[in-house]
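Participant: Following this message is one structure expressed as structure tokens.
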Amino acid sequence: MKLIVAITGASGAIYGIKLLEELKKNKIESHLTISDWGKTTIKAETDYSLEEVKSLADYFYEHNDLAACISSGSFKIDGMVIVPCSMKTLSSIASGYSHDLISRAADVSIKEKRKLVLVPRETPLNPIHIENMLKLSKIGVTIMPPVPAFYTKPKTIEDIVLNTVGRILDQFGIEIKSLKRWSGK
Ligand SMILES: Cc1cc2nc3c(=O)[nH]c(=O)nc-3n(C[C@H](O)[C@H](O)[C@H](O)COP(=O)(O)O)c2cc1C
């Protein structure tokens, strides 16, 4: 399996990083791109260097490289996750404004009817954000805000992050050991 991972400038860069780590552990081929503001949040919010994050992926593309292979529907890929997804990138996808590699690869995922998962992060949400999410949800895009589940009794931030990462990977049928599931009382 091959997946595209895009990290944009919403808060929560750690979700994208942990997703890359899990893909690596599970030997899933990852194609990574990071927006300029995604690079800023990695620096502001985590102890990872940009080079460390890039090295987690099998392939890395600059977000302004519209000639990268993932910009074309002819390149075979199994799906794409944008995590975290800013309201700006959400908006550009919802309006079909493919100005960078992230929104272009998402546009390609939609036109090729491939799995596209957005992990949008903002609070509170305004009606524009909600309408953009609804528009994309109606055409089959999975909208998965990184909302923690407390039935797993998380003890650390890592527990919370890995739960969301596990639920993202569920979308692709990839099982990670750390995901705690509710199995009834
Ligand atoms: C530290 C930091 C946190 C941010 N958090 C969010 C956020 O949670 N959600 C959001 O939509 N934008 C957030 N932004 C603003 C986006 O980075 C900004 O809208 C940017 O233009 C997004 O561009 P991109 O989608 O190309 O990464 C944040 C910016 C910074 C510097």
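Participant: Given Cα pairs under 8 Å that are at least 6 residues apart, what percent is the relative contact order of the range 89-185?
Facilitator: On the way: 84 pairs, mean separation 19.9, N = 97.
Averaging sequence separation for qualifying contacts and normalising by length gives 21 percent for the range 89-185.
Participant: Enumerate the amide H contacts of Val81 below 5 Å, restricted to partners 5 or more residues apart or on another chain; note that Pro and chain-start residues carry no placed amide H.
Facilitator: Result for Val81 returns Ile4, Val5, Ala6, Val117.
Participant: Could you pull the accessible area for Met87 with a 1.4 Å probe, rounded to 10 Å²?
Facilitator: Using a 1.4 Å probe on the heavy atoms, I get roughly 30 Å².
Participant: Another question, then. Give a residue-ordered list of calculated ³J(HN,Hα) values for the range 90-107 (Karplus: 6.51 cos²θ - 1.76 cosθ + 1.60, θ = phi - 60°; whole Hz; x for Gly, Pro).
Facilitator: 3, 5, 5, 5, 5, 9, x, 8, 7, 7, 9, 5, 5, 6, 5, 5, 5, 4
Participant: Moving on to the next point. May I ask for the percentage of alpha-carbon pairs in the chain that lie more than 30 Å from each other? Each step should come with its number before you reach the end.
Facilitator: Working: 2081 of 17020 pairs.
So the portion of pairs separated by more than 30 Å is 12 percent.
Participant: Further, regarding this structure: What are the ³J(HN,Hα) couplings of the range 17-32, residue after residue, when phi is run through the Karplus curve with 6.51, -1.76, 1.60 and θ = phi - 60°? Round to Hz, x for glycine and proline.
Facilitator: Those phi angles translate into 5, 5, 4, 4, 4, 5, 5, 4, 4, 8, 6, 9, 5, 10, 10, 10 Hz.
Participant: Just how far, in whole angstrom, is the range 116-185 from the range 15-64 if you go by their alpha carbon centroids?
Facilitator: After rounding, the separation between the Cα centres reads 18 Å.
Participant: So with the 1.4 Å probe, I'd like the accessible area per residue for the range 78-173, rounded to whole Å². Walk me through the intermediate numbers first.
Facilitator: On the way: 4740 Å² over 96 residues.
Using a 1.4 Å probe on heavy atoms only, each residue of the range 78-173 averages 49 Å².
Participant: Quick one: putting +1 on the C-beta of Lys and Arg, -1 on the C-beta of Asp and Glu, what dipole do you get for the chain around its Cα centre, in Debye to the nearest 20?
Facilitator: Numbers: 25 positive and 21 negative charges, 155 e Å.
Dipole magnitude for the chain comes out near 740 debye.
Participant: Might you work out the accessible area of Glu52 for me, using a 1.4 Å probe with all protein chains in place, and round it to the nearest 10 Å²?
Facilitator: It works out to around 90 Å².
Participant: Something else: If DNA, RNA and ligands are ignored and the probe is 1.4 Å, what is the ranking of Phe75, Phe150 by accessible area, most exposed first? If you can, show how the numbers build up before the last one.
Facilitator: Values: Phe75 50, Phe150 140 Å².
Ranking Phe75, Phe150 by accessible area, largest first, yields Phe150, Phe75.
Participant: On to the next question. Going through the range 36-95, which trypsin sites (Lys or Arg not before Pro) have at most 10 other Cβ atoms within 10 Å and a DSSP loop state? Could the numbers behind the result be given before it?
Facilitator: On the way: sites: Lys39, Lys43, Lys54, Lys76, Lys88; in loops: Lys76.
Here the trypsin sites (Lys or Arg not before Pro) that fit, given the DSSP loop and packing criteria, are Lys76.
Participant: With θ set to phi - 60° and the Karplus curve 6.51 cos²θ - 1.76 cosθ + 1.60, what are the ³J(HN,Hα) couplings of the range 152-160 in order, to the nearest whole Hz, using x for Gly and Pro?
Facilitator: Per residue, the Karplus-derived 3J(HN,Hα) values read 7, 6, x, 10, 10, 4, 4, 4, 5 Hz.
Participant: Quote to one decimal, in nm, the extra length available between Thr123 and Thr46 on full extension: 0.36 nm per residue of separation minus the C-alpha distance between them. Mind dumping the intermediate values first?
Facilitator: Details: separation 77, 0.36 × 77 = 27.72 nm, distance 2.04 nm.
In short, 25.7 nm is gained.
Participant: Continuing with the same structure: Say the dipole of the chain comes from +1 at the beta carbon of Lys and Arg and -1 at that of Asp and Glu; which of Leu50, Pro124, Ile17 then lies farthest toward its positive end?
Facilitator: Result: Pro124.
Participant: Give Lys39/Lys138; Lys115/Lys180; Lys24/Lys115 a once-over and call out the pairs whose C-alpha atoms are over 28 Å from each other. Don't jump to the answer; show the numbers that get you there.
Facilitator: Details: Lys39/Lys138 30 Å; Lys115/Lys180 24 Å; Lys24/Lys115 20 Å.
Exceeds cut-off: Lys39/Lys138.
Participant: Per residue of the chain, what 222 nm ellipticity follows from adding -39500 (n - 2.57) for every DSSP H run with n ≥ 4, rounded to the nearest 500? Intermediate results must be reported in sequence, preceding the final value.
Facilitator: Values: 7 runs with 75 residues, N = 185.
Mean residue ellipticity, 222 nm, calculated: -12000 deg cm²/dmol.
Participant: Considering only protein heavy atoms and a probe of 1.4 Å, how much of the accessible area of the range 2-170 is carbon and sulfur, as a whole percent?
Facilitator: Numbers: 4410 of 8110 Å².
After summing per-atom areas, the C and S share lands at 54 percent.
The values are calculated or read from the model by the stated rules, or taken from the named source; none is laboratory data. Not measured: the values here are computed from a predicted model. Glycine also receives a Cβ, built like all others from the backbone with ideal geometry; neighbour counts cover every protein chain displayed. Heavy atoms of the whole protein, side chains included, go into the accessibility calculation; ligands, DNA and RNA do not. Shrake-Rupley method; radii C 1.70, N 1.55, O 1.52, S 1.80 Å.
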